[in-house]
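Here is the structure we will look at, set down as structure tokens.
The values are calculated or read from the model by the stated rules, or taken from the named source; none is laboratory data. Just so it is clear, the model here is predicted, and its values are computed rather than measured. Cβ atoms come from the backbone with ideal geometry, glycine included; neighbour counts cover every protein chain shown.
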């Protein structure tokens, strides 16, 4: 059983949803990003998404675009990210970690090499935003053979005709994008999310995590009542951006500020089904 499977099994046993958080690896520099990564589990994060910075992040809003640019300007490379994951695994062998990003960095690294190195480092799954099912044979077979979960994205526009094809090669969990558009914009109505989750559950037994537009503990709790996990990203990246000096360097207290924010989100998620 993979770390992702174990985590969702444990969440089900606890009768609650999970909290998934996204931040960009290497933002604003790799040392700061690693310091934050190390503290996320104790703050209440159930699954970590670590973004692989890319120069043309077409699905991301301004906040995550800026985070990726900061990481690239700091010299963050995919090999360094995998090495950082390996260091994280020396501290934590339980919390699932998923790399999220675009296909180009993986292609340039080498698909087979990436899958082998990612598993060796301790990566549990991957989310590739710009690799639709029609082109997924570029990566999915190698990922699954290596032991990486390939987590699929769905959207409100994914209808009952399209969903079987989207979900055919999925594993780990489903990441449902609650709104049509880019990250960090408007928030979805929980009632609409509930309808979408119910529709997805008719097509798959995999857990459904819902993200895009979740910014507050209250919003995270509302999603946690209808989904298996709530995904929060842009608001955390915004907090990182607010704790940088004029040169884009981390100010004292950056990691503490994000950890406090994550703790509040985790509290909201954990209380969601008790009220």
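A few points about this structure:
- Among the strands (runs of 3 or more DSSP E) confined to the range 116-219, the ones with at least 3 residues that are closer than 20 Å to residue 46 by Cα and touching a strand residue (DSSP E or B) at 6+ places or on another chain (Cβ under 8 Å) are located at 125-128, 174-177, 208-211.
- Unique residue being touching a residue at least 12 places away in the same chain (Cβ under 8 Å), within 22 Å of residue 5 (Cβ to Cβ), within 17 Å of the chain's Cα centre (by Cα) and surrounded by fewer than 24 Cβ atoms within 10 Å (Cβ to Cβ) when the list is 227, 209, 170: 170
- Residue count for the range 235-253, restricted to those that are in contact with a strand residue (DSSP E or B) (Cβ under 8 Å, 6 or more places away or on another chain) and in a helix (DSSP H, G or I): 3
- Test: residue in the range 54-62 that is free of Cβ contacts under 8 Å to residues at least 24 places away in the same chain and either part of a loop (DSSP other than H, G, I, E, B) or under 15 Å from the mean Cα position of the chain (by Cα) (or both): yes
- Which listed residue, of 82, 91, 69, 78, is farther than 24 Å from residue 220 by Cβ, surrounded by fewer than 19 Cβ atoms within 10 Å (Cβ to Cβ), touching a helix residue (DSSP H, G or I) at 6+ places or on another chain (Cβ under 8 Å) and modelled with pLDDT of 95 or more: 91
- Among the residues of this structure, residue 140 does not count as one that is within 25 Å of residue 57 (Cβ to Cβ), modelled with pLDDT under 90 and surrounded by 20 or more Cβ atoms within 10 Å (Cβ to Cβ).
- Flag for residue 273 being free of Cβ contacts under 8 Å to residues at least 40 places away in the same chain, touching a helix residue (DSSP H, G or I) at 6+ places or on another chain (Cβ under 9 Å) and in a helix (DSSP H, G or I): no
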